[in-house]
Amino acid sequence: MEFIQEVLTMEKLGSFIKATGSYTPDRVVFNSELETLLDTTDEWIRKRCGIAKRYWAEQTETTSDLAYQASLKALEKANIEKQEIDMIILATVTPDHEFPGTACFLQGKLDLPGIPAIDVRQQCSGFIYALSQADLYLRTGDYRTVLLVCAELHSKCLDLSPRGRNVSILFGDGAAAMILQQTEEANRGVLSTHIMSDGSHAKQLWCPAPGNGHVSAARIDAAMLEQGLQFPHMNGRAIFTHAVRQMSQELLHCLKQNSKTIDEVDLIFFHQANLRICEAVGKLLEIDPAKIYNTIEEYGNTTAATLPLGIDHAVKSGALKKGMLIATVAFGSGFTWGSAMLRW
Ligand code: COA
C-alpha cells in the first residue's frame with residue numbers, strides 16, 4: 001500500500017529550476033597567451049575548436065571555492081534562505097582532493113550540516129547525470145529543494161607544455177549552480193532525463209594517475225610523473241567522431257521520448273567540447289543554427305559546468321525566456337552521454 005502511494009506521489013510531482021547562478025574566475029586567458037606556452041596559435045585554436053578565450057582560477061582558488069561563489073549567486077537569484085536546501089549534488093572531474101567529495105567541501109563552506117552532499121563524477125555529462133538525480137530525488141517527495149552545482153578547475157590539472165597542447169587549449173575553469181524545487185504543475189521544469197555510458201572507451205579521454213590501476217606500489221611515482229600521466233590524455237579524433245554520432249542520436253532520442261520535433265524546441269544546449277562538433281550535429285540534423293546556443297568562444301570547454309554555464313548565460317542574455325522548450329545534450333569521457341528536456 002505504501003509502495004502504491006509512493007508511486008502515485010512520484011507521478012504527481014516533478015521538478016523545476018527555480019534559479020541559476022554562475023561564477024568564472026577574474027583571470028581571462030586569451031589564445032594569444034597560450035601561443036608560446038603550448039606552441040600553438042590563436043588562428044589554429046579558433047579554426048579547429050572555435051575558442052577565443054577561457055577563464056583560469058588563481059592559485060589560491062579551489063573547485064569548491066568556484067562552486068561556493070556560483071551557489072551564492074543562485075541562492076540570491078532564487079531569493080531563498082540557504083537553510084531551505086535539503087540536498088547538495090555537485091558534479092566535477094577536477095575535485096579539490098581525492099576524498100572526501102568536493103560536495104562535502106562545498107557543504108562546509110556553505111555551513112549547511114545535516115543534509116546529504118553527493119559527488120557526481122561523470123565528466124562532460126556530469127550536469128545531465130546530476131540533473132537526473134536531482135529530478136528523481138525531488139519526485140520522491142522526500143526532498144523539496146536541491147542545490148545542483150557543476151564546477152571545474154582545469155587550469156591546475158593541465159599539461160601546460162607543448163606536449164599537452166592538443167588537450168590544454170580546450171579547457172577552462174568555471175562553475176554554475178541551480179536551485180531545483182518540486183512542482184506539481186504538469187508540463188513545467190524537467191520533462192525528461194536520459195543517461196547512458198559505454199565503458200569500453202574509458203581510455204579515449206582519461207587521466208591515468210594518480211590511481212590504483214597501475215602495476216606499482218604507489219598511486220603515483222616518479223616514472224608516472226615523468227610520462228605526464230597526471231595529465232588528461234585524449235584521442236581527439238575518436239572523441240570527435242563519437243561525439244557527433246552520440247549527440248545526434250541522443251537529441252533524436254530526447255525528442256522521441258517527449259513526442260516533440262526539432263521545430264517545437266526553442267533552444268538547444270549541446271555540451272561545448274568543440275564548436276565544430278556542435279556545428280556538425282546541427283548540420284546532420286538540419287537544425288536552424290539560431291536554435292543552438294554556443295558559449296565555447298567565451299568559456300572553452302568547462303566539462304560538467306558547460307551546460308549550466310550556458311543555460312545561465314542564456315538567462316542573463318535574455319535568450320532563454322519563461323515558457324520556452326529547451327533540449328540539452330552532453331557527451332564526454334567514459335564514454336558517457338545523455339539528454340534532458342525542460343520547459344523553462
Ligand atoms: N596547436 C597547433 N597544432 C596542434 C595543436 C595545437 N593546439 N594540437 C595538435 N596540433 C597539431 C598536431 O601536432 C598535428 O600535427 P602534425 O599533423 O604535424 O602531426 C595536427 O595538429 C593534427 O593533430 P590531431 O591531434 O590529429 O588534430 P585534430 O585535427 O584531431 O584536432 C582537436 C585536434 C583536439 C581539435 C580535435 O581532435 C577535437 O576537437 N577533438 C574532440 C576533442 C573534444 O571534444 N574533447 C573534449 C571531449 S568532452
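Dipole orientation for segment 1-132: of the candidates Thr36, Leu72, Ile115, Thr36 has the Cα lying most toward the positive pole (charges on Cβ; Lys, Arg +1; Asp, Glu -1). Relative to the longest principal axis of the Cα atoms of the chain, helix 306-317 runs at roughly 70 degrees. In this structure Thr60 has an accessible area near 120 Å², from a 1.4 Å probe over the protein heavy atoms.
Count charges around Asp266 for me, please; just the other residues with Cβ under 13 Å from its Cβ, Lys/Arg as +1, Asp/Glu as -1.
So the environment of Asp266 carries a net charge of +2.
Any idea what the dipole of the chain comes to, in debye rounded to 20, about its Cα centre with Lys/Arg Cβ at +1 and Asp/Glu Cβ at -1?
700 debye
Protein heavy-atom accessible surface, 1.4 Å probe, per residue over the chain: 46 Å². Only beta bridges with both residues in the chain are counted; by DSSP, about 70 percent of them are antiparallel. If R0 equals 25 Å, the separation of the Cβ atoms of Glu184 and Phe240 corresponds to a calculated FRET efficiency of about 0.05.
Counting helices only, and only those DSSP H runs with n ≥ 4, report the 222 nm mean residue ellipticity of the chain as the sum of -39,500 (n - 2.57) divided by its residues, in deg cm²/dmol to the nearest 500.
Values: 12 runs with 125 residues, N = 344.
Mean residue ellipticity at 222 nm (helix-derived): -11000 deg cm²/dmol.
Sorting 315-323, 303-311, 250-258 by average packing, meaning the other beta carbons within 10 Å per residue, from highest down gives 303-311, 250-258, 315-323. Report, to the nearest 10°, how far helix 2-12 tilts away from the longest principal axis of the Cα atoms in the chain, using its own Cα long axis and a range of 0 to 90°. Once rounded, the angle reads 80 degrees. Note on the chain: with neighbouring protein chains present and a 1.4 Å probe, carbon and sulfur make up 52 percent of its accessible heavy-atom surface. Grouping the Cα pair distances of segment 216-315 into 5 Å bins from zero gives a pair-distance distribution of 2, 11, 18, 19, 16, 10, 7, 6, 5, 4, 2, 0 percent in increasing distance order. About its Cα centre, segment 55-207 has a charge dipole of approximately 400 debye under the convention of +1 per Lys or Arg Cβ and -1 per Asp or Glu Cβ, with nothing else charged.
The values are calculated or read from the model by the stated rules, or taken from the named source; none is laboratory data. These figures come from a predicted structure and were not determined experimentally. Cβ coordinates were reconstructed from backbone atoms using ideal geometry, including for glycine residues, and neighbour counts include every protein chain displayed. Accessible surface is based on the protein model in full, side chains and every heavy atom, while ligands, DNA and RNA are left aside. Shrake-Rupley method; radii C 1.70, N 1.55, O 1.52, S 1.80 Å.
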